[in-house]
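Okay, so here's the structure we're looking at.
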Amino acid sequence: MNNESLLWWKNTVIYHIYPRSFYDTNGDGIGDLNGIREKVAYLSELGVGAIWMGPVFTSPQVDNGYDIANYREIDPLFGTLEDMDALIATAEEAGIRVLLDLVFNHTSDQHPWFVASQSERNGDYHDYYIWRDPAPNGGPPNDWMAWFGGSAWTYNPHREQYYLNLFTPQQPDLNWENPAVRKELVDIANFWLDRGVAGFRMDVINLISKDFAGAGTWCDGPRVLEYLQEFRQNLHRRDEIVLVGETPGITVDRARAYTLPENGALDMVLTFDHVMVDQSPTSKWVPQRWNTADLIEALLKYQEGLAPECWNSIYASNHDQPRVVSRFGDDDRYWYESATALATLFYLLPGTPIVYQGDEIGMINFPIKTMQDLVDVESRNAYNNFVNEERCAPAEAIARIAPVARDNSRTPMQWSGDRHSGFTTAEKPWYPLNPTGEEIHVHRQMYGQNNGGAHGENRSILRYYQHVIRLLQTDLFRSGELDLLFYNDRAVLYARETPFERALVMVNLCSHEALIPGEYLNNEGTPVTYSYRVLSNTPVPELQINEDFHLPPFSAVVHLFGSVMSSASA
Ligand code: GLC
Ligand code: CA
C-alpha cells in the first residue's frame with residue numbers, strides 16, 4: 001500500500017451513527033446493528049466512506065453505552081458479535097469502513113475489573129482505578145466536580161476509600177498509570193482491529209492522565225501523549241487505521257502534539273471551541289450571544305494552528321450537541337437555507353467531515369416541554385440540580401435545559417412518512433420521534449415526494465449534502481489550501497486553491513442580507529479559462545469580478561475559477 005492510500009481518512013467523509021436511534025429491525029423500539037447494516041445502501045448513496053458508531057458494547061446504559069461492562073461483547077440491545085461481523089462485511093463490500101467508539105477513560109462500575117477493584121485493597125485489580133484515601137476531614141480527596149454534577153469522588157465503604165469518576169459514579173475512571181491497564185486496553189483495541197474495523201473514535205481521550213499535583217486539572221495531564229504513543233505503537237495495522245480523539249478543553253498546542261504525524265499518537269482530534277460559541281465559558285446551560293465571526297474564529301483557530309503538518313476533523317454537531325440547524329441556523333423560516341449554508345461553511349473547509357446522522361436531512365431540536373422529555377443522565381441531573389439546589393421553578397429549569405440538552409439530537413432517525421417515521425414497528429420507540437417526522441424524512445428528500453409544507457417543496461437538504469460530498473472528491477477540495485479572505489458578524493468568504501483552480505466559498509449565516517465587498521471577489525493567481533458556479537442554495541445573480549456581492553439570508557454560493565491546465569497535469 002502506498003502512503004496515499006494509507007491516508008484514506010483524509011479523503012473521506014465519516015458518518016456518525018448513534019446506534020440506538022438509527023434503525024430498529026427487531027421491533028423493540030431501539031436501533032440495532034442489523035439496522036445499520038440495512039442502511040448501508042443509503043449511506044453509500046449519500047457518498048460517505050466510513051461510519052463511526054457510538055458504543056454498542058455490553059453496558060448497563062447509564063450513559064447510553066458510554067459505561068462499558070464488557071468491551072468484547074455486543075450489548076444484546078444492539079445484537080450480537082455475528083451481527084457486527086456481518087455489518088463490517090456488508091459495509092466493506094460497499095466501500096465503507098467501520099470505526100468503533102472506544103471508551104477508555106472509564107468503565108462501567110459493573111465491569112468485572114471494577115467489581116474486583118472495589119472488593120479488595122490488594123488484589124490483582126486493586127490498582128485498576130483511581131483510589132484515594134479520604135481527606136483528613138473524611139471528605140473527598142480534592143474539590144474536583146464531575147461533568148454531570150456533584151463531586152468527582154465517590155466513597156466506597158468496603159475499601160474505605162474514594163474512587164474518581166469524572167462523569168457519573170457508575171463510570172469510574174481507569175488508572176492509566178498502571179501498565180496492566182494499558183495492556184488490557186491495547187488488547188481490546190486489537191481484538192476489534194482483528195475483526196476488521198478501520199479505526200476508533202476515542203472518547204474523552206485527553207482525560208486519561210490526571211494532573212493531581214501540578215495545575216490540578218483533569219484535561220491534558222502530563223502523560224497523555226506518552227500513553228497515546230505507546231497505545232498506537234502496540235496496535236495491529238497501526239499505520240492503516242485512523243484514531244480520532246475526542247478532546248474537550250484542548251488547546252491548539254496540545255492538539256498539535258497529539259496529531260503531529262511524527263509523534264505517532266492520534267490522526268485527528270475533535271475540538272470544542274466552535275460548539276461553545278453560544279455558551280458561557282463556565283456553564284453550557286447559560287447562553288451567550290454569538291455571531292458568524294465568533295464561529296469562523298473558533299474554526300480558523302485550528303485550521304491555522306494545525307495545518308499544514310496536522311489534519312483537522314470537521315463536525316457541526318453530534319450526540320452531545322443540539323441539532324446544528326436549530327442552533328446556528330433558523331429551523332423554521334430558513335430551514336433549508338440555513339441547514340445547507342452550514343453544510344457548505346463547515347464541510348468545504350480542509351479536514352475530514354464527520355456528519356452526524358439526521359443532519360443530512362435537516363433534523364431539528366426536539367420540543368422539550370417537561371421533565372419526561374429528559375432521558376439523558378446529564379439533562380436529568382441538571383434538572384434536579386436546578387430545581388432542588390438552585391430552587392428554580394420547573395418551567396424555568398426546562399427553559400434553561402431545552403435548547404442545549406443532549407436529548408435534542410438523540411431522537412430516532414426520520415426515514416419515512418410512516419408511523420414513527422419508519423424508525424421502528426414498536427408501539428413505543430425508546431425516545432419519541434421528533435414531531436416534524438411527517439415532513440422531514442429521508443424518503444421525501446431522496447425521492448422528491450414534495451407534497452408541500454414548510455419543510456417540503458424541492459427542499460432536499462439530502463441532495464445538497466450529496467453535492468457537497470461529491471465536490472469534496474475533487475482535487476481542489478481534497479488538497480487545495482485554505483485562504484480566509486473576508487468575514488464579519490454576518491458572512492464569510494474563503495478560498496480553496498491549487499495552482500490550477502480556485503473556489504470561492506461564500507456563506508451568509510444570518511437572517512439579514514450580507515455583503516461581500518468586491519475587492520475580495522477576484523481570481524487572483526489563477527490562470528482562468530473557465531469560471532462558473534458549482535453550488536448555491538438560493539437563487540442569486542451571477543458573480544461579477546470585483547463587484548460587491550449581496551448574499552440573501554442564510555445563502556451559500558461556491559464559485560469556481562480554473563484553467564484547462566488542471567486536467568492536463570492532474
Ligand atoms: C463523551 C461522549 C459522551 C459521554 C462522555 C462520557 O463526551 O461523547 O456522550 O457522555 O464522553 O463517556
Ligand atoms: Ca432493535
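Suppose the filter is under 23 Å from MET84 (Cβ atoms), charged (D, E, K, R) and crowded, with 16+ Cβ neighbours inside 10 Å; does ARG201 pass it? Yes.
Only one of the numbered conditions (1) over 30 Å from SER416 (Cβ atoms); (2) in contact (Cβ under 8 Å) with a residue 12 or more places away in the chain is not met by PRO353, and that is (1). Can you tell me which residue in region 358-390 is nearest to the chain's Cα centre (by Cα), limited to those that are part of a loop (DSSP other than H, G, I, E, B) and of a type in the set (Gly, Ala, Ser)? Ranking the candidates gives GLY358 first.
Of note, GLU230 does not satisfy the criterion of being modelled with pLDDT of 95 or more, surrounded by 15 or more Cβ atoms within 10 Å (Cβ to Cβ) and part of a loop (DSSP other than H, G, I, E, B). Kindly evaluate ASN11 against the criterion of being closer than 27 Å to MET363 by Cα, without any contact (Cβ under 8 Å) to a residue 12 or more places away in the chain and either touching a helix residue (DSSP H, G or I) at 6+ places or on another chain (Cβ under 7 Å) or away from ligand 1 (no atom under 16 Å from the Cβ) (or both). Here the answer is no, as ASN11 does not meet what is asked. Within region 529-546, the set of residues being over 30 Å from ASP331 (Cα atoms) and buried (at least 18 other Cβ atoms within 10 Å of the Cβ) is empty. In region 163-183, the residues that are under 21 Å from GLY149 (Cβ atoms) and within 13 Å of ligand 1 (Cβ to nearest atom) reach residues that are part of a helix (DSSP H, G or I) and among the hydroxyl-bearing types (Ser, Thr, Tyr) with C-beta atoms within less than 9 angstrom, at least six apart or across chains, in these pairs: PRO172/SER117.
Only residues that are away from ligand 1 (no atom under 14 Å from the Cβ) and in contact with a Ser or Thr (Cβ under 7 Å, 6 or more places away or on another chain): list them for region 393-408, please.
Here is the first cut: in region 393-408, the residues away from ligand 1 (no atom under 14 Å from the Cβ) are 393-403.
Across region 393-408, the qualifying residues are ILE398, ILE401.
Within region 524-558, how many residues are in contact (Cβ under 8 Å) with a residue 40 or more places away in the chain and outside any strand (DSSP E or B)? Residues flagged as in contact (Cβ under 8 Å) with a residue 40 or more places away in the chain and outside any strand (DSSP E or B) within region 524-558 amount to 6.
Among the residues of region 82-100, those that are within 16 Å of ligand 2 (Cβ to nearest atom) and surrounded by fewer than 19 Cβ atoms within 10 Å (Cβ to Cβ) comprise GLU82, ALA86.
When ARG20 is tested against the conditions (1) assigned to a loop (DSSP other than H, G, I, E, B); (2) touching a residue at least 60 places away in the same chain (Cβ under 8 Å); (3) within 11 Å of ligand 2 (Cβ to nearest atom), the lone failure is (1).
Selection of region 414-428 for residues being more than 13 Å from PHE366 (Cβ to Cβ) and assigned to a loop (DSSP other than H, G, I, E, B) yields TRP415, SER416, GLY417, ASP418, PHE423, THR424, THR425, ALA426, GLU427, LYS428. In the list VAL197, VAL186, which residue meets the criterion of being modelled with pLDDT of 95 or more, more than 16 Å from ligand 2 (Cβ to nearest atom), in a loop (DSSP other than H, G, I, E, B) and not hydroxyl-bearing (Ser, Thr, Tyr)? One residue alone meets the criteria, VAL197.
In region 470-489, how many residues are under 15 Å from TYR347 (Cβ atoms), hydrophobic (A, V, I, L, M, F, W, C) and not in a loop (DSSP other than H, G, I, E, B)?
From region 470-489, those under 15 Å from TYR347 (Cβ atoms) are 470-474, 476-478, 480, 482; that's our starting set.
When the remaining residues are screened for being hydrophobic (A, V, I, L, M, F, W, C), the result is 471-472, 476-477, 482.
Now drop any that are not not in a loop (DSSP other than H, G, I, E, B), which leaves 471, 476-477, 482.
Qualifying residue count, region 470-489: 4.
Out of all the residues in region 344-357, which are part of a helix (DSSP H, G or I) and hydrophobic (A, V, I, L, M, F, W, C)? Result: LEU345, PHE346. Per the listing GLU547, GLU524, GLU513, GLU481, the residue uniquely at pLDDT below 95 and acidic (Asp, Glu) is GLU524. Of all residues in region 18-59, those satisfying the criterion of being of a type in the set (Phe, Trp, Tyr) and within 16 Å of ligand 1 (Cβ to nearest atom) are TYR18, PHE22, TRP52, PHE57.
Okay, residues lined up against (1) buried (at least 18 other Cβ atoms within 10 Å of the Cβ); (2) closer than 26 Å to THR526 by Cβ; (3) polar (S, T, N, Q); (4) in contact (Cβ under 8 Å) with a residue 24 or more places away in the chain:
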residue: ARG400; (1), (2), (3), (4): yes, no, no, yes
residue: PRO403; (1), (2), (3), (4): no, no, no, yes
residue: ARG470; (1), (2), (3), (4): no, yes, no, yes
residue: SER479; (1), (2), (3), (4): no, yes, yes, no
residue: VAL492; (1), (2), (3), (4): yes, yes, no, yes
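Scanning region 125-139 for residues that are among the charged types (D, E, K, R) and surrounded by 19 or more Cβ atoms within 10 Å (Cβ to Cβ) yields a count of 0. Within region 28-42, identify whether any single residue is on the phi > 0 side of the Ramachandran plot and more than 16 Å from ligand 2 (Cβ to nearest atom), and answer yes or no. Looking through region 28-42, none of the residues is on the phi > 0 side of the Ramachandran plot and more than 16 Å from ligand 2 (Cβ to nearest atom). Kindly indicate whether any position in region 101-124 is modelled with pLDDT under 95, among the charged types (D, E, K, R), surrounded by fewer than 16 Cβ atoms within 10 Å (Cβ to Cβ) and closer than 22 Å to TRP218 by Cα. Looking for residues that are modelled with pLDDT under 95, among the charged types (D, E, K, R), surrounded by fewer than 16 Cβ atoms within 10 Å (Cβ to Cβ) and closer than 22 Å to TRP218 by Cα, one finds none in region 101-124, hence no.
The values are calculated or read from the model by the stated rules, or taken from the named source; none is laboratory data. Since the structure is predicted, the reported quantities are computational estimates derived from the model, not experimental observations. Quick reminder, even Gly has a Cβ in these numbers, built from the backbone with ideal geometry, and neighbours come from all protein chains shown.
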